[in-house]
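Taken together, the values in this text are just the output of simple stated rules run on the coordinates, not laboratory data. None of these values were measured; they are calculated from a predicted model. Counting neighbours? That spans all protein chains shown, and the Cβs are built from the backbone with ideal geometry, glycine included.
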């Protein structure tokens, strides 16, 4: 039997089968992301018992027309099945709290419909399917928005940010009690005085702080071993790891929108910390590299001041400012500067807060932190790449998901690595060999657009080509196939994608009659992507609005950021990273002192100072998946 005969036979069989419709359940049954039990009900896909009967034609259709109609019905059903599968995967990820993965699955389900080449408006079955799919996804997203930031993970407030502008009266009894009860052995000098005791008392009785502190300590498990190594290598006290509790709650992509400080250690965009920042990546958001920079910077501050408390104050306010306060008062001692009001309010509070957090972390059973289960350490393989490669292709090659690759590379600002400089790409542990082997099949100049696919059971070549927005002729040529060849589960396919992201329009002005659906269809993106890129709370859009129709470039914050509480002092200036060695950051909304050099402080404590200061096409045969 020929291939054509096979298609005709299958089409005739399918023509007799009932067609299915997609239906969504009521929105009040929507699951709550991240906390939904297994039995939670989400909008589901159901099949109708019967297809809508068509009117009897006046004349009997020819055999050829019947075959064409049956073939169309077969393609429609295949499309619906594929969309349903992507939607069900999204629901599973949604219920498990994997919101990024859920978003990608839902986008895929919608994109399958929009890029199918079929007329979704005139075909009643497809129109009904598409409407129900959008309603189901939107109902889930609305529930997610009530919990946080839609299908994107929410950046939590740093624990110590919950205690701003507090004043504690002296309480000798509390101070003495804490001194007697708490373990303060540390490689960092720890003191319990009235200021530290006041914060311990406040934090211990604050439910919000306890929740934030608990979440921070759990997240710390991802990076603790790596940070400890960086501190040890530089001879920095291990307990200075807890500055991350104050700065970011151990969130690598934390960003202060007012000051521009970013990353786990809240470095400013300008500063010679050995961290690269460009249009493709910002190493402030790289946990390992930023932690090494933090350890080196803290050691340099200690070398300058000879005191860890002054080093911590300089990290917050800037070494130039602290040095001038030392020179002005004649005291190289943090607590003396504290008593003499020689420090701004935030820096005066910064060090006692850190010490309170360190002491509480060292006494977990007294503060309800002993039941905390740390997150698993982040581990990965690292490959150095000096070419542009799309993260979707990286996920394909390593049998992983796009959110997993993005999470392993938090410093990337785009969905691709740079093409003209080296980049340390992190991939799932144990995948280096398979990544390297499969990558050989992709020409170097195509790695930012092409895809790679391992055939799964039940998939067809047509379906794969359609889902990845490719052309059948390109795929069969690249893989040494013919259009009539079958593909088997486990086959590895190179998927040429012809339209590069860079050639697409970046913005579009909405015209009268446009909807997000028509705009997304025109530019080959999903409705959810348009809403996310343009911060749209709903699917409505007005004529004349300018929409981003390609993923915006997520450049790091500019250096000239001034917000409420921003502080500029006479003689203080902000300079570029190439000539500057200054403070790490203004932690919460001010402009940090930036000096072009590091003056030397008198290394004494509490004593008066003197006041001195490969191109080409790919041809290959089908290949079984690498195990």
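Using 0.36 nm per residue of separation minus the Cα-Cα distance, give me the extension gain between residue 127 and residue 85 in nm, one decimal. Provide the component values of the computation, followed by the final result.
Numbers: separation 42, 0.36 × 42 = 15.12 nm, distance 1.79 nm.
The residue 127-residue 85 span can extend by a further 13.3 nm.
Would you please classify the overall shape of the stretch 271-400 from the alpha carbon gyration tensor, given that a ≥ b ≥ c denote the square roots of the eigenvalues, rounded means a/c under 1.5, and beyond that prolate means a/b larger than b/c while oblate covers the rest? Let's see the in-between values first.
Details: a/c = 3.50, a/b = 1.63, b/c = 2.15.
Note, shape of the stretch 271-400 comes out oblate.
Could you check the simple spin-label distance between residue 484 and residue 226, using points 7 Å along Cα→Cβ, in nm with one decimal?
Placing both labels 7 Å along Cα→Cβ, they lie 5.3 nm apart.
Divide, for the stretch 341-443, the radius of gyration over alpha carbons by 2.2 N^0.38 Å, where N is the residue count. Numbers along the way, then the final one.
On the way: Rg = 21.1 Å, N = 103, 2.2 N^0.38 = 12.8 Å.
Taking the Cα Rg and dividing by 2.2 N^0.38 Å, one obtains 1.65.
Compute the Rg to Rh ratio over the stretch 335-379 from the alpha carbon atoms, using the Kirkwood formula for Rh, and round to two decimal places. Display every interim value, and only then the final one.
Numbers: Rg = 15.8 Å, Rh = 13.0 Å.
Over the Cα atoms of the stretch 335-379, Rg/Rh equals 1.22.
How high is the relative contact order of the stretch 505-548, given as a whole-number percent (alpha carbon pairs under 8 Å, six or more residues apart)? If you can, show how the numbers build up before the last one.
On the way: 49 pairs, mean separation 25.3, N = 44.
Worked out over the stretch 505-548, it gives 57 percent.
Taking the Cα atoms of the stretch 374-494 alone, what are Rg (to one decimal) and Dmax (as a whole number) in Å?
Rg and Dmax of the stretch 374-494, Cα atoms, are 15.3, 53 Å.
How high is the FRET efficiency from residue 78 to residue 545, r the C-beta distance, R0 51 Å, rounded to 0.05?
Numbers: r = 36 Å, r/R0 = 0.70.
Using R0 = 51 Å, I get an efficiency of 0.90.
How much length would be gained if the chain were fully extended between residue 523 and residue 440, taking 0.36 nm per residue of separation minus their Cα-Cα distance, in nm to one decimal?
My answer for the length gained is 26.8 nm.
Report, to one decimal in Å, the Kirkwood hydrodynamic radius for the stretch 505-548 based on all distinct Cα pairs.
Values: mean 1/r = 0.0979 Å⁻¹.
Across the stretch 505-548, the inverse of the average 1/r is 10.2 Å.
Largest first and to the nearest Å, give the Cα extent of the stretch 451-501 along each principal axis.
On the principal axes, the stretch 451-501 reaches 30, 19, 15 Å in Cα extent.
Using a cut-off of under 16 Å, list every residue of the stretch 360-385 whose amide N is near the label point 7 Å from the Cα of residue 174 along the Cα-to-beta-carbon line.
Residues passing the 16 Å test: 360, 367.
Mind checking the full-extension length gain between residue 384 and residue 234? Use 0.36 nm per residue of separation minus the Cα-Cα distance, one decimal, nm. Don't skip to the end; give the middle numbers.
Working: separation 150, 0.36 × 150 = 54.00 nm, distance 2.52 nm.
Once the chain is fully extended between residue 384 and residue 234, it gains 51.5 nm.
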